[in-house]
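Have a look at the structure below before the remarks.
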Amino acid sequence: MRSMSAKNRNRVLSIIGLAVGLAIWEVIGRLELSPAFPPVTAVIGAITEVWTSARFLDALRESLISIAIALPPSLIFGIGVGLLVGRYRPVEWALDPLINTFLSLPLVALIPVLFLIFGLGRGSILATIVIYTFFIVVVNTAAGVRTTDPQIVEMATSFGAGEQQVMRRVVLPSALPLMYAGVRIATGRAIRAVIIAEQVIGLIGLGGLVQRLGGAFAVEQLYAVILFIGLFGLVSMEAVTAVERRALPWVIAPEDTEPAFQGA
Amino acid sequence: MIEIEGIGRRFNTRDGGSFEALKDVSFSVKDKEFFSIIGPSGCGKTTLLKMVAGLVKPTAGRIDIDGQTVIGPGEDRAMVFQQFVLLPWADILTNVGFGLELRGMSRKESREAAKPYLEQVGLTRFAEHYPHELSGGMQQRVGLARALAVGPDILLMDEPFGALDAQTRQLMQEDLMRLWEVEQTTVIFVTHSMDEAAYLSDRVLVMDTHPGRVREILDVPLPRPREESTRRSPVFNELTSHMWHELRGMMGDPTLPAPE
Amino acid sequence: MVAQSGPTLGSGESQVPEAGPRARANRWTPWVFRIGSVGLVLVIWELYGRAQETTLFFVPVSSVLAALWGQLQSAEFWDAFGQTFIPFIWGWLLSLAVGIVLGLLIGRFNTFDALTKPYVTFLNALPVSTLVPIAVILFGIGYASRILVVFLFGVVEVTLNTAAGVRYVNKDLIEMGESFNASQPRLFRKVIFPASLPGIMAGVRIGTGRAVVGMVVVEILLVAVGMGRLILRYRGRFQSADLYAVVLALIIFGILLQVLARQIERRVSKWKHEMEQIA
Ligand SMILES: Nc1ncnc2c1ncn2[C@@H]1O[C@H](COP(=O)(O)OP(=O)(O)OP(=O)(O)O)[C@@H](O)[C@H]1O
Ligand SMILES: [Mg+2]
């Protein structure tokens, strides 16, 4: 455990690091070395205007809707399949090759194919989110199931529990920490998925906005949107971690639970 | 009445052969009796107890309880484990009620029904703590309360105090005595400690090993209620040194504590 | 009042793998399931593909494989592959080099860690693909921006994993080195670097995966050259089987790189493990 003062010291250093970086950026911007680096003050100036513009808010809504439609079912099915894979060897044998393939291939490469199948629209975006999140939840849930203490299963059996009860009252709670770690990873990946898929389409959502602003060389606005996307990613992860901490009171630091697999 | 008749158990080994853990074990345990099993490590005590619990199937012989053959776990039996085996994600009260919950009560009912048992083991104060916040002795009290809460006729205990330090162990023995006198259940108690066996039991089964067999069954002619002074009586000492000689003859297991 | 039977067997027994005559059968059962399920997926892919009225959208696996075979024999494919591969190699190596150095610094020096924390945290949460337009504005759509994108994709993971590797180097080991009066550079070379190799290699593996993703993102978002141009062209000409084939080639290439990285990691970690056993 670091002492409080060390923590404060680090915070101050982080602020210094940030300030120095921004100052350098400002100088580069003022020197007009490249259109890619406008002065940072100009970017900051653009933030409020961009973040409140109708175009931005529309794009944000589009992206959020896609996540809201695709992520929950993907998580739920992923957890269900993960429980089966973790608990029943034949299911594991049957699905392992497929899951491993999907976890080690560069999923972005599938986007052109998804566009052929689902068209240049929301369908493809949803499909992208699903393939980005489903398998990662499956492996982490399955790994969680495998952490089940066989002694607890035996204890429950000795009190007369059948397979269903063992599944619900022992296996599921045992799997929770890794399951949540999987959900945490999946949330980050869902954001990546929606942005990249929208970028490829180039029209809708925040990803589409990034492409259009880039194409128009509207660099200040572009930075404002990128900044928002990054912060949104950070806040979402924090939110998931907060839920995790409340849901797993017996795990001392749930956010430190290393996911079994993060994916490429 | 528990009748164990010609019980045997073979396990398959990795090299394709099989290994006889228990052979032709027969004895019976009377209702409300406190019956201990002692024997060298690996002689099959846990296996035997799990067979009575219905967790492991015998490969020979059978076990009858009040005339009915055991084919699986049943509501008349409850087990207490050496490693406590509490649910780390549930608080103490839920843990105590877990057996009841598995037998059909709702979480709320089972927690309510668990309260008196938690009180019996003196942990009411810790109802809403989690297992990792409790000492080993307290955790085993929870394990005991969980077993008692389902109102079993037979309590099966596998070295329940084996993971505890000597002082805690002695306190737990006294508490168990007190509880057993109130609850009036049959107890089958596996232990490595000769003191413990002599202090608690009505009878002690001494097991032989390779394969596990009955060596002898000792009566414990000590008056009840047993007290601290019981441990210093001549009968007690005679019993423990008798057991010690028997066990030492079987195998030089250095983990067996010598009698004082 | 006895034995309301539950399931006949408890897990006390099922934990132990059965040996004897059944073991032989058991060794093959997993493979039956594995091959069976993969086969089933391929058969469904094939049949579903054939059942389509047109092969515009969904192409049966046999046609994809045939198209891939054709691609592998065309000079144009290998040309495109080279266009894709060369900038990838540069970006990838650059991300490893920079990531390992940054990671070592961050892991070893708390001050450096704190100074760079805002950037690392932000970049780790940011979908890197959003930086592609910036790269284009900076360097146009030539090699330089492709290298930059691949680099940006790889570098964060390499940095984070290396830093974690250094941070978890056994403190006793460092103290041991210091007790021999080792200078900082020597301590770094002889103790800290070797001890953090597993973390570094994990970074190399994960970073490689990310760099491959960067390579594909380049192909999909900057469609002017390389395999991305092939994809765009086949889409335009409705040559769906060829599009599938190019995607499949990218995927196979990505997986091969991953396998390679994992192999290297395993070898290095094994060597490290053996060292520890001897010590
Ligand atoms: N599921 C199993 N598969 C194979 N062998 C087993 C199994 N369970 C127990 N055995 C073997 O059977 C023998 C008896 O085991 P058991 O656990 O019943 O002994 P024990 O008397 O309880 O020992 P201890 O005093 O060390 O707890 C041991 O040799 C053990 O290795
Ligand atoms: Mg045992």
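Derivation of every value follows stated rules applied to the coordinates shown; laboratory data play no part. Quick caveat, the model's predicted, so the values are computed rather than measured. Cβ atoms come from the backbone with ideal geometry, glycine included; neighbour counts cover every protein chain shown.
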Exercise. Based on the alpha-carbon gyration tensor of chain B and its eigenvalue square roots a ≥ b ≥ c, which shape applies: rounded if a/c is under 1.5, prolate if not and a/b is larger than b/c, or oblate?
Worked result: oblate
Exercise. Within the protein assembly as shown, what percent of beta bridges assigned by DSSP are antiparallel, to the nearest 5?
Worked result: 50
Exercise. Where does segment A:1-83 land on the Kirkwood hydrodynamic radius, alpha-carbon pairs, in angstrom?
Worked result: 17.3
For this session: Please state, to two decimals, what the Cα-based radius of gyration of segment B:122-260 comes to when divided by 2.2 N^0.38 Å (N = residues).
Result: 1.12
Seminar exercise, completed: Note: C:D172 to C:I252 extended length (0.36 nm per residue) minus current alpha-carbon separation gives 24.4 nm
Exercise. Residue by residue through segment C:183-195, which ³J(HN,Hα) values in whole Hz follow from phi under the Karplus form 6.51 cos²θ - 1.76 cosθ + 1.60 (θ = phi - 60°), with glycine and proline marked x?
Worked result: 6, 3, x, 5, 4, 4, 6, 8, 10, 5, 4, x, 5
Seminar exercise, completed: Label model pair A:I69, B:E112: point-to-point distance (7 angstrom along the Cα→beta-carbon line) in nm is 4.7
For this session: Give a residue-ordered list of calculated ³J(HN,Hα) values for segment A:223-236 (Karplus: 6.51 cos²θ - 1.76 cosθ + 1.60, θ = phi - 60°; whole Hz; x for Gly, Pro).
Result: 4, 4, 5, 4, 4, 4, 4, x, 5, 4, x, 4, 5, 4
Problem set entry | Computed [θ] at 222 nm, deg cm²/dmol, chain A (DSSP H ≥ 4; -39,500 (n - 2.57); rounded to nearest 500) | -26500 deg cm²/dmol
Problem set entry | Label-point separation in nm, C:L65 to B:R224, each point 7 Å along Cα→Cβ | 7.5
Seminar exercise, completed: Scattering profile of the protein assembly as shown from the Debye formula, Cα beads only, expressed as log10 I(q)/I(0) at q = 0.05 Å⁻¹, is -0.38
Exercise. Applying 1/(1 + (r/R0)^6) with R0 = 56 Å to the Cβ-Cβ distance of B:E174 and B:Q68, what FRET efficiency is obtained, to the nearest 0.05?
Worked result: 0.95
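Short version: what are the Cα gyration tensor semi-axes of segment A:177-250, square root of 5 times each eigenvalue, largest first, in whole Å?
After diagonalising the Cα gyration tensor, the semi-axes are 31, 13, 6 Å.
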For this session: Please work out the FRET efficiency for the pair C:Q73 and C:L260, using the Cβ-Cβ distance as r and a Förster radius of 25 Å; give the result to the nearest 0.05.
Result: 0.55
Exercise. Rounded to the nearest 20 Debye, what is the dipole magnitude of segment A:40-248 about its Cα centre when Lys and Arg each give +1 and Asp and Glu each give -1 at the C-beta?
Worked result: 180
For this session: Give me the percent of DSSP beta bridges within chain B that run antiparallel, rounded to the nearest 5.
Result: 50
For this session: Just report the Cα centroid separation between segment B:141-195 and segment C:171-199, whole Å.
Result: 52
For this session: For segment A:196-235, go through all pairs of different Cα atoms, get the mean of 1/r, take its inverse, and jot down that Kirkwood value in Å.
Result: 10.0
Problem set entry | Sites A:A216 and C:F109 - FRET efficiency at Förster radius 51 Å, r taken between beta-carbons, to 0.05 | 0.75
For this session: Apply the Karplus parameterisation 6.51 cos²θ - 1.76 cosθ + 1.60, with θ equal to phi minus 60°, to every residue of segment B:57-66 and state each ³J(HN,Hα) to the nearest whole Hz, in sequence, with x for glycine and proline.
Result: 8, x, 9, 8, x, 8, 10, 10, 10, 6
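Need the full-extension length gain, B:F27 to B:E183, defined as separation in residues times 0.36 nm minus the C-alpha distance. One decimal, nm.
53.8 nm
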Problem set entry | Ranked C:D79, B:D219, criterion: other C-beta atoms within 10 Å, fewest first | B:D219, C:D79
For this session: Could you line up B:K23, B:K108, C:K190 from fewest to most neighbouring Cβ atoms inside 10 Å?
Result: B:K108, C:K190, B:K23
Exercise. What relative contact order, as a whole-number percentage, does chain A give when Cα pairs under 8 Å and 6 or more residues apart are counted?
Worked result: 23
Seminar exercise, completed: With segment C:121-203 reduced to its Cα atoms and the Debye formula applied, log10 I(q)/I(0) at q = 0.11, 0.16, 0.22, 0.24 1/Å amounts to -0.47, -0.70, -0.94, -1.03
For this session: Quick one: dipole size for segment C:61-278, taken about the Cα centre, charges +1 on Lys/Arg Cβ and -1 on Asp/Glu Cβ, in debye to the nearest 20.
Result: 60
For this session: Label chain A by shape, choosing from rounded, prolate and oblate, from the square roots a ≥ b ≥ c of the eigenvalues of the Cα gyration tensor; if a/c is under 1.5 it is rounded, and otherwise prolate applies when a/b is larger than b/c, oblate when it is not.
Result: oblate
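Is there a simple number for the mean count of other chain Cβ atoms within 10 Å of the Cβ of residues in C:245-257, and what is it?
Across C:245-257, the average partner-chain Cβ count within 10 Å equals 4.
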For this session: Please state the charge dipole magnitude for the protein assembly as shown, taken about the Cα centre, from unit charges on C-beta atoms (+1 on K and R, -1 on D and E), reported in debye and rounded to the nearest 20.
Result: 2520
Exercise. Thinking of segment B:1-97 as a set of Cα atoms, what percent of all their pairs are more than 24 Å apart?
Worked result: 32
Exercise. What Rg and what Dmax come out for segment B:85-151 when only alpha-carbon atoms are used, in angstroms?
Worked result: 10.2, 30
Exercise. Among residues other than C:G236 whose Cβ falls under 14 Å from its Cβ, what is the net charge (Lys/Arg +1, Asp/Glu -1)?
Worked result: +3
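At 222 nm, what value in deg cm²/dmol follows for chain B if DSSP H runs of at least 4 each add -39500 (n - 2.57) and the sum is divided by all its residues, to the nearest 500?
Calculated mean residue ellipticity at 222 nm is -11000 deg cm²/dmol.
Would you mind getting the Kirkwood hydrodynamic radius of segment C:61-278 from its Cα pairs, rounded to one decimal in Å?
Numbers: mean 1/r = 0.0525 Å⁻¹.
The Cα-based Kirkwood calculation yields 19.1 Å.
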For this session: Quick one: net charge around C:R262, please, counting Lys, Arg +1 and Asp, Glu -1 for every other residue with C-beta under 13 Å from its C-beta.
Result: +3
For this session: Show me C:57-65, A:41-49, C:27-35 ranked by packing, highest mean number of other Cβ atoms within 10 Å first.
Result: C:57-65, A:41-49, C:27-35
Exercise. Thinking of segment A:123-176 as a set of Cα atoms, what percent of all their pairs are more than 16 Å apart?
Worked result: 52
